[in-house]
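Peer 1: Structure below; questions to follow.
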Amino acid sequence: MAQPPLVVLGAGAWGTALAVAAAGRQPVLLWARDAAQAAQMQAQRVNARYLPGVAFPAGLTVTADAAQAHVLAAQGLAVLGTPMAGLRPTLAALPPGSRALWLCKGFEAGSGLLGHEIAQATRPDLRCGVLSGPSFAQEVARHQPTALVAASADEALTALAVQAFHSDSLRVYTSTDPVGVEVGGAVKNVMAIATGIADGLALGLNARAALVTRGLAEMTRLGVALGARAETFMGLSGLGDLVLTATGDLSRNRQVGLLLAQGRALPDILQQLGHVAEGVHTAPTLQARARASGVDMPITDAVVAVLQGRLSPAQALQQLMARGARAEA
């Protein structure tokens, strides 16, 4: 069966990594918003800014021509590699009837919407889903073993994702629970900040295990309240992504927590990282969505208080430990 055209919209680290991974098996068009960046990547055959040291396969072409990218998107599969803030305008620009998978994880600032809710509100004509799971861009681009999950109510769409990306080094599972997959991808970034704070304070491995486990409980409670299936959170986009992001040193969200524990100011931390740490933007929106849904998320509340400067990391820990005893749930 011939592969449909594959276009990746967004040339950050993750979009580039997936484009590299797929281009070994089929032609891939990678679209970058910045024309100078696109020309440089096409000439040098590397994304020196976001994914240095990873050479582009011959099958990968880079362009800043949106019209060219949209022609291919209408014919095949579009993979949206934008940050959460860019999802709405990127969806809005796609040709009618396009098939699209987004990679971003989080809630939209202001509206508090997840990706599938944005798509339903703005482009109900599109066939949409999410591609997520425990994955660092550098490892995927270097063909180190990774497993992802493609989630959509449209099973033909997730089959396309398998066809495009499944390989000897990249396993792609499918799910019909995009709500659960999206909630897992959003909440784990906030929990990674919390775990980074705990590790930065040298609280020990017991504390880390407790935070990861109770973070998973918060994630599951919210997901079920929003219509997800509880079992989804024991899979790749729940427990898997949470463990990776909370404990892996390549995690930008974990790095935020580590540096907050050292007393660094948040603006300085973000400037030092130089890349988007989605958990920083997600945390207050996640808190608002949880409260509107009547879901108790004490770890999220503590992270928001630290990010907003209302509590120090040590005070946030004290607040969590002072909570009354209760049944585990």
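The values are calculated or read from the model by the stated rules, or taken from the named source; none is laboratory data. Computed from a prediction, not measured in an experiment: that's the story for all the values here. Positions of Cβ are backbone-derived with ideal geometry, glycine not excepted, and every protein chain shown enters the neighbour counts. Side chains included, ligands, DNA and RNA excluded: accessible areas come from the protein's heavy atoms. Shrake-Rupley method; radii C 1.70, N 1.55, O 1.52, S 1.80 Å.
Peer 1: Specify the residue with the greatest mean-square fluctuation among GLU278, GLU182, GLU139, computed from a Gaussian network of the chain linking alpha-carbon atoms under 10 Å apart.
Peer 2: Comparing GLU278, GLU182, GLU139 in the GNM, the peak value goes to GLU139.
Peer 1: Calculate how many DSSP beta bridges within the chain are antiparallel, expressed in % of all such bridges and rounded to the nearest 5.
Peer 2: On the way: 5 of 31 bridges.
DSSP beta bridges in the chain are roughly 15 percent antiparallel.
Peer 1: Please determine, in degrees from 0 to 90 and to the nearest 10, the orientation of helix 205-225 with respect to the longest principal axis defined by the Cα atoms of the chain, where the helix direction is its Cα long axis.
Peer 2: Once rounded, the angle reads 70 degrees.
Peer 1: From Cα coordinates alone, what are the radius of gyration and Dmax values for region 6-176 in angstrom?
Peer 2: 14.7, 41
Peer 1: Which of these, ALA194, ALA35, ALA141, has the largest mean-square fluctuation under a Gaussian network model of the chain (Cα springs below 10 Å)?
Peer 2: Result for the chain, Cα springs under 10 Å: ALA35 fluctuates most.
Peer 1: How large is the convex hull of the Cα atoms of the chain per residue, expressed in Å³ as a whole number? Walk me through the numbers on the way to the answer.
Peer 2: Values: hull volume 41.8 nm³, N = 329.
Here the figure is 127 Å³ per residue.
Peer 1: Residue farthest toward the positive end of the dipole of the chain, with Cβ of Lys/Arg at +1 and Asp/Glu at -1: which of PRO89, THR146, THR282?
Peer 2: After comparing all options, I get THR282.
Peer 1: If you roll a 1.4 Å probe over the heavy atoms of the protein chains, what accessible area per residue do you get for the chain, in Å²? List each step's numbers first, then the result.
Peer 2: Details: 13530 Å² over 329 residues.
It amounts to 41 Å² per residue over the chain.
Peer 1: Another question about this same structure. Can you list the residues, at least 5 places off or on another chain, whose amide H is less than 5 Å from the amide H of THR174, using H built in the peptide plane?
Peer 2: ALA150
Peer 1: Out of ALA164, GLY112, GLY200, whose Cα points farthest toward the positive end of the dipole of the chain (charges: +1 Lys, Arg; -1 Asp, Glu; placed on Cβ)?
Peer 2: After comparing all options, I get GLY200.
Peer 1: Picking from THR282, THR146, THR158, which is most flexible by a Gaussian network model of the chain using Cα springs under 10 Å?
Peer 2: Result for the chain, Cα springs under 10 Å: THR146 fluctuates most.
Peer 1: Percent of accessible area on the chain owned by carbon and sulfur, 1.4 Å probe?
Peer 2: Details: 7540 of 13530 Å².
Carbon and sulfur together cover 56 percent of it.
Peer 1: Direction-averaged shadow area of the convex hull around the Cα atoms of region 179-322, nm²? Write down the numbers at each step before the final one.
Peer 2: Working: hull surface 30.6 nm².
Answer in nm², one decimal: 7.6.
Peer 1: Using alpha carbons only, how many degrees (0 to 90, rounded to 10) separate the axis of helix 35-44 from the longest principal axis of the chain?
Peer 2: 70 degrees
Peer 1: Does anyone have the angle between helix 155-165 and the longest principal axis of the chain? Alpha-carbon axes, 0 to 90°, nearest 10?
Peer 2: With both axes taken from Cα atoms, the answer is about 80 degrees.
Peer 1: A follow-up question, please. Once every DSSP H run of n ≥ 4 in the chain is given -39500 (n - 2.57) and the sum is divided by its residues, what mean residue ellipticity at 222 nm do you get, rounded to the nearest 500 deg cm²/dmol?
Peer 2: On the way: 15 runs with 165 residues, N = 329.
The helix-only estimate for the chain comes to -15000 deg cm²/dmol at 222 nm.
Peer 1: Still on this model: So what J values fall out for region 4-17 if you push phi through Karplus, 6.51 cos²θ - 1.76 cosθ + 1.60 with θ = phi - 60°, rounded to Hz, Gly and Pro as x?
Peer 2: x, x, 10, 10, 10, 9, x, 10, x, 4, 6, x, 5, 4
Peer 1: 5 Å is the cut-off here: which amide hydrogens, built 1.01 Å from N in the peptide plane, fall below it relative to CYS128, excluding neighbours closer than 5 in sequence?
Peer 2: ALA100
Peer 1: List every residue whose amide H lies under 5 Å from the amide H of ASN47, counting only residues 5 or more places away in sequence or on a different chain, with H placed 1.01 Å from N in the peptide plane.
Peer 2: It is VAL54, by chain and number.
Peer 1: Can you tell me, using C-alpha contacts under 8 Å and at least 6 residues apart, the relative contact order of the chain as a whole percent? All intermediate terms of the calculation are to be shown ahead of the outcome.
Peer 2: Working: 655 pairs, mean separation 46.2, N = 329.
With pairs under 8 Å counted, the relative contact order is 14 percent.
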